[in-house]
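A quick write-up on the structure given underneath.
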Amino acid sequence: MRIVLLGPPGAGKGTQAEFICHHYGIPKISTGDMLRAAVAAHTPIGQKMKKIMEEGRLASDDLIIDLVKERLTAPDCKPGYLFDGFPRTVPQANAMEALKMGLDVVIELTVPDEVLISRLSGRRIHLNSGRVYHVQFNPPKIDNRDDETGEPLIHREDDYEETIRKRLQVYHQQTEPLIHWFKERALFHPYFQISGEDSLESIQQKIMDILKNIRPKG
Ligand code: AMP
């Protein structure tokens, strides 16, 4: 099963991705997680990306395409994968198509901007796993600690209001055109839109209902 989860920052892609990937035994390919890991490890890519991410701007398409291309060569991608945060621009989607990265289904989560701002400012992340919490809506069992490892959670530099607004603007300008791009190709990989405003469980159920009717192309 090869899935793209599309939607604005804070729509719940990361949380739903975790569940889907666990269920299907496929890796989550989150370009955001990969870049945050590079920043934390002070690699050359990380050093270049730190400021760009803090300002809510996007990485270059070439950099992202190289990262994803390389990631797809890993054996764990054999049974499929879920893209979270990729593609983010039309050129990235064109590259995905040109490089024949397989795709079975696209699911878009929709959430209004004002809800996203409240969600993102309360969001906390476990850096190593990408697990996502919210101080109010999905709190960890122990304050500011990851449920599974007990390690501290982080408040992402880009989850402060000014940067969130910038990220939403970038989403509307650069990522939203992908909705049309994917819908035009719905014959090849069906496109579903669901509200990201329901409870986590209800969204999970809707996603499962969609996925159980998808027949992955061999
Ligand atoms: P995310 O965790 O998906 O919200 O990504 C965090 C940040 O990483 C974004 O604000 C961008 O700066 C960068 N980033 C992640 N994925 C991409 C992508 N596909 N294209 C360009 N920049 C990206």
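Residue under question is Val106, and the condition is that it be in a strand (DSSP E or B), surrounded by 14 or more Cβ atoms within 10 Å (Cβ to Cβ) and modelled with pLDDT of 95 or more; does it hold?
Yes: the conditions hold for Val106.
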Within the range 164-218, the residues that are within 20 Å of Gln16 (Cα to Cα), touching a strand residue (DSSP E or B) at 6+ places or on another chain (Cβ under 7 Å) and among the basic types (Lys, Arg) are Lys206
Among (1) of a type outside the set (Val, Ile, Thr); (2) assigned to a helix (DSSP H, G or I); (3) more than 11 Å from the ligand (Cβ to nearest atom); (4) under 16 Å from the mean Cα position of the chain (by Cα), Asp66 falls short only on (4)
Please find, among Arg156, Arg145, the residue that is within 22 Å of Gly56 (Cβ to Cβ) and charged (D, E, K, R).
-> Arg156
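Being assigned to a helix (DSSP H, G or I) and touching a Ser or Thr at 6+ places or on another chain (Cβ under 9 Å) is the filter here; which residues of the range 131-171 pass it?
Listed by number, the residues that qualify are Glu157, Asp159, Glu161, Ile164.
Does Phe188 fit the bill of being modelled with pLDDT under 95, more than 16 Å from the ligand (Cβ to nearest atom) and not small (Gly, Ala, Ser)?
yes
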Selection from the range 120-158 of residues that are within 16 Å of the ligand (Cβ to nearest atom), more than 20 Å from His22 (Cα to Cα) and among the charged types (D, E, K, R) | Arg123, Arg124, Arg156, Glu157, Asp158
Can you tell me how many residues in the range 91-111 are more than 15 Å from the ligand (Cβ to nearest atom), without any contact (Cβ under 8 Å) to a residue 60 or more places away in the chain and in contact with a strand residue (DSSP E or B) (Cβ under 9 Å, 6 or more places away or on another chain)?
-> 0
Among the residues of the range 71-90, is any in a helix (DSSP H, G or I), within 10 Å of the ligand (Cβ to nearest atom), at pLDDT 95 or above and on the phi < 0 side of the Ramachandran plot?
-> no
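Rundown of residues vs (1) surrounded by fewer than 19 Cβ atoms within 10 Å (Cβ to Cβ); (2) touching a helix residue (DSSP H, G or I) at 6+ places or on another chain (Cβ under 6 Å); (3) among the charged types (D, E, K, R), yes/no style:
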position	(1), (2), (3)
Thr110	yes, no, no
Glu114	yes, no, yes
Ser129	yes, no, no
Val132	no, yes, no
Pro139	yes, no, no
Glu157	yes, yes, yes
Thr163	no, no, no
His172	yes, no, no
Ile179	yes, no, no
Members of the range 39-61 that are more than 13 Å from the ligand (Cβ to nearest atom) and of a type in the set (S, T, N, Q) | Thr43, Gln47
Of those in the range 23-38 that are surrounded by 15 or more Cβ atoms within 10 Å (Cβ to Cβ) and more than 9 Å from the ligand (Cβ to nearest atom), the residue nearest to Gln174 (Cα to Cα) is Ile29
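Taking only the range 187-211 into account, find how many residues are outside any strand (DSSP E or B), under 21 Å from Leu120 (Cα atoms) and not small (Gly, Ala, Ser).
6
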Close pairs from the range 4-16: first within 16 Å of Asp158 (Cβ to Cβ), partner assigned to a loop (DSSP other than H, G, I, E, B) and within 11 Å of the ligand (Cβ to nearest atom), Cβ under 9 Å, at least 6 apart = Pro9/Gly56; Pro9/Gly85; Lys13/Gly7; Lys13/Gly85; Gly14/Gly85; Gly14/Gly130
Mind checking whether some residue in the range 4-14 is near the ligand (Cβ under 8 Å from one of its atoms) and not basic (Lys, Arg)?
-> yes
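The values are calculated or read from the model by the stated rules, or taken from the named source; none is laboratory data. Worth saying up front: this structure is predicted, and the values here are computed from it rather than measured. Reconstructed Cβ throughout: ideal geometry from the backbone, glycine too, with neighbour counts over all protein chains shown.
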